[in-house]
Amino acid sequence: MDFEYLFELLCSGVVKGSIYALIALGYTMVYGIIQLINFAHGEVYMIGAFVAFIVTGVLTLSGHSGLTVLLLAALAAVIYAAAYGYTLEKIAYRPLRNAPRLSPLISAIGASIFLMNFVQLVQTPDFLPFPELISDFDFMEPISRYLSSVDLIILIVTTVTMIALTVLIKYTRTGKAMRATQQDMIMARLSGINVDRVISATFIIGSVLAAIAGVLIASRTGQINSAIGFTAGLKAFTAAVLGGIGNIPGAVLGGLVLGIAETLGAGYISSAYEDVFAFGLLVLILTLRPSGLLGKAVKQKV
Amino acid sequence: MQKSTLVKLFATAFVAVLVASPASAADTIKIGVAGPHTGDLAPYGIPTKEAAEMVVAEVNAKGGINGKQIELMIVDDQCKPEIATNVATKLVSESVNIVIGHVCSGATKAAMGIYKGAKLIAISPSATNPPLTKSGEYPNFYRTIAADDDQAMLAASFATDKLKAKKVAIIHDKGDYGKGFADFSKVAIETGGKAKVVMYEGIQPGALDYSAVVQKLRSEGADTLIFGGYHPEASKILSLLNKKKIKIAFIGPDGIKGDGFLKIAGKDAEGVYATGPKDVAKLPLNIKAHDEYKAKYKKEPGTFFDQGYAAMLAALNAIKVAGGTDYDALGKALKSSSVETTVGKIKFDTKGDAEGVGFSVYQVKNGAFAEVK
């Protein structure tokens, strides 16, 4: 047994898993509060990457470099994506808040397709080269074959985001309002919570997470186009469901399980069947634990 | 009895009138041009037809070949095999001397059986299906375009002969184009016997990360990577190879030989090999043909125009060299006499593939593809 190879694969799996987790966090948070699968999340991720691409281009032309570019590009992406998230909720989901649950789901798919095609038409359907915003750290050099600098940053950001979200929802006033809204919207309103504002805030936070993921991941893959949100969104959604949708540590666990399963499957069997391992695992886990790894079984009131 | 004889008589007379109608039949050389001229595949057939018409107009104006004028017989097969057999039968019954066509591989295959029986030579500008020549089934078939597997054979021989590869890894994107290239490369390397295929894997196009497959590449100790697919995936793999400091020669198909790849892969592209069609745009004959076309039609020529033009020139040259249109003499002339065409100076090998047509290996040097001599 070649342990070094196994270790390399595990490292790759953890990195891939945290990429999935970073996107999955936004999915799972929105679902946790309003029980809506926001299919347009992947597109907000893509838009975040595009904004960062454009801002980076402008900043690089005007002579800035390094950390300034990364921070400004990420800031612009975050603000832009937050605006998109807010608007999306107002246009596509708020009018359907009291409609049957299937309607906002269809509306979400519609919004996703609309945004993908919108970017394709106003920008380009071609792939664009995304600059490497995070330069290699010297102290990473000895272990660069296992973990690159971007990988390290993705791991850190995913962990920090997970903790920050948990703290936000468990211990802050906004978090309390979010949980109240999730439990009973009418009762929350009666006790003085501005439900509309809470839901808007949920979407803004979700979109901010998507934009950060977009900037980091695009900087790692080195290319973007209008369709990246779809594939990324699909896998991240799978990760969220695997970990128990609505549960924040669950999204990270789901992402890691998915990433490691795919990598080991590809490394030891065949990468041609990577998706088969991913979705096979999903079927298996959902059969044994229908609410996901960390999800709580919801008691239906009869 | 009487009645049927009468019908036969009428039928014969009718056919006779049809055949005889292009009057001076005996004094012209008849060349059939077959391909899709209507339907959704017409853009692939019409440029060849236009090329044939241009060549014939020029040659006829100069007095024809061997003192005879050339007459074109243009038939439309819509790229459908069942229509191709019909039009092939028509060309045979009109006793044409040589056929330029067909265009689609399926239609070509259907028609070749009929031409073979009638001892009629066909030169296709575009049928790339490998067995058409390589099976040896159709000794009357020639083509002025490279076969589908030529590119992969070139990549494989380049890896083993020039790069002295010993352990080759093959990765493809599971699509028709990429997997086809990968499969042909694998067969070529295995039958060549100079190197071993240590890894053969499909990857998921559009995936976020290919680390696993890259790690595997290292653990198998591959020295050369042949990649079947397009530039987005190639760029992602190259970037990982560089990040993980894996030194390996990278060979891709013409799907990565373009500006898109250079733009996206950036500095990772440096040193990458790619096979691609030979550059014919600078050949004098090619420039002349394109200029004439643009003057006549006010637009750029379409797909397979160069190959169609070359097929016509090769056919006329063979007729001239053979001094007539005898089947055996024509075949010998096609295989022995080189001719300058729009795709380079060509003659045909024993199987009917044009020598000197096809692909070259290019390498990225200072951010641009340069031909490897």
Whole-angstrom gap from the stretch A:141-160 to the stretch B:48-126, using each part's C-alpha centre: 63
Arranged by the count of other C-beta atoms within 10 angstrom, fewest first, what order do B:Val361, A:Val122, A:Val44, B:Val198 take? A:Val122, B:Val198, B:Val361, A:Val44
Among DSSP beta bridges lying fully in chain B, give the percent that are antiparallel, nearest 5. 30
Within 10 Å of each Cβ in B:355-364, how many Cβ atoms from other chains are there, averaged over the peptide? 0
Using a Gaussian network model of chain A with C-alpha springs under 10 Å, which one of A:Gly63, A:Gly267, A:Gly17 is most mobile by mean-square fluctuation? A:Gly63
Using a 10 angstrom cutoff on alpha carbons, build the Gaussian network for chain A and name the most mobile of A:Phe277, A:Phe203, A:Phe53. A:Phe277
Quick one: how many lysine pairs in chain A have C-alpha atoms under 30 angstrom apart, if they're 8 or more apart or on different chains? 17
If we sort A:174-180, B:77-83 on the protection proxy, mean other Cβ atoms within 10 Å, highest first, what's the order? B:77-83, A:174-180
Skipping prolines and chain starts, which residues have an amide H placed within reach, meaning under 5 Å, of the one on A:Arg97, given they are 5 or more residues away or on another chain? none
Per DSSP H run of at least 4 residues, take -39500 (n - 2.57); add these up for chain A, divide by its residues and hand me the 222 nm value, nearest 500 deg cm²/dmol. -24500 deg cm²/dmol
For chain A, built as a Gaussian network whose Cα springs stay under 10 Å, the top-fluctuating residue of A:Leu25, A:Leu258, A:Leu71: A:Leu71
Spit out the partnerless Cys residues in the protein assembly as shown, using Cβ distances under 4.7 Å as the pairing rule. A:Cys11
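If I take every Cα pair under 8 Å that is 6 or more residues apart in the stretch B:290-361, average their sequence separation and divide by the length, what percent do I get for the relative contact order? Intermediate results must be reported in sequence, preceding the final value.
On the way: 70 pairs, mean separation 15.0, N = 72.
Reported as a whole number, the value is 21 percent.
Output the pairs from B:Lys288/B:Lys365; B:Lys298/B:Lys373; B:Lys186/B:Lys373; B:Lys109/B:Lys196; B:Lys30/B:Lys296; B:Lys196/B:Lys243 with a Cα-Cα distance over 29 Å in this structure; if there are none, say none.
Working: B:Lys288/B:Lys365 31 Å; B:Lys298/B:Lys373 36 Å; B:Lys186/B:Lys373 24 Å; B:Lys109/B:Lys196 35 Å; B:Lys30/B:Lys296 24 Å; B:Lys196/B:Lys243 26 Å.
With Cα atoms farther than 29 Å apart: B:Lys288/B:Lys365; B:Lys298/B:Lys373; B:Lys109/B:Lys196.
Per DSSP H run of n ≥ 4, the term is -39500 (n - 2.57); total these for chain B, divide by its residue number, and report the mean residue ellipticity at 222 nm rounded to 500 deg cm²/dmol.
On the way: 13 runs with 165 residues, N = 373.
Mean residue ellipticity at 222 nm (helix-derived): -14000 deg cm²/dmol.
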Extended-chain gain in nm, criterion 0.36 nm per residue less alpha-carbon gap, A:Val276 and A:Ser144: 44.6 nm
Quickly work out the A:Lys170-to-B:Asn60 label distance, labels modelled 7 Å from Cα along the C-beta direction, and quote it in nm with one decimal. 8.9
Check every DSSP H run in chain B and write down those whose alpha carbon atoms cover 15 angstrom or more along the long axis and whose mean Kyte-Doolittle hydropathy is 0.5 or greater. B:2-20, B:305-322
Considering only C-alpha atoms, what is the centroid distance from the stretch A:20-98 to the stretch B:241-274, in Å? 31
Test item: Cα-centred dipole of the protein assembly as shown, Lys/Arg +1 and Asp/Glu -1 on Cβ, debye: 1200
The alpha-carbon center of the stretch B:189-224 and that of the stretch B:292-322 are separated, in whole Å, by 42
Work out which helices of chain A, taken as complete DSSP H runs, extend at least 20 Å along their axis over the Cα atoms and score a mean Kyte-Doolittle of -1.0 or more, then list them. A:3-34, A:41-61, A:67-88, A:102-122, A:149-171, A:195-221, A:228-243, A:248-268, A:274-288
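Read-outs throughout are calculated quantities, based only on the coordinates presented, and are distinct from any laboratory measurement. Just so we're clear, the structure is a prediction, and the values are computed from it rather than from any experiment. For neighbour counting, all protein chains shown are included, and Cβ atoms are generated from backbone atoms with ideal geometry for every residue, glycine included.
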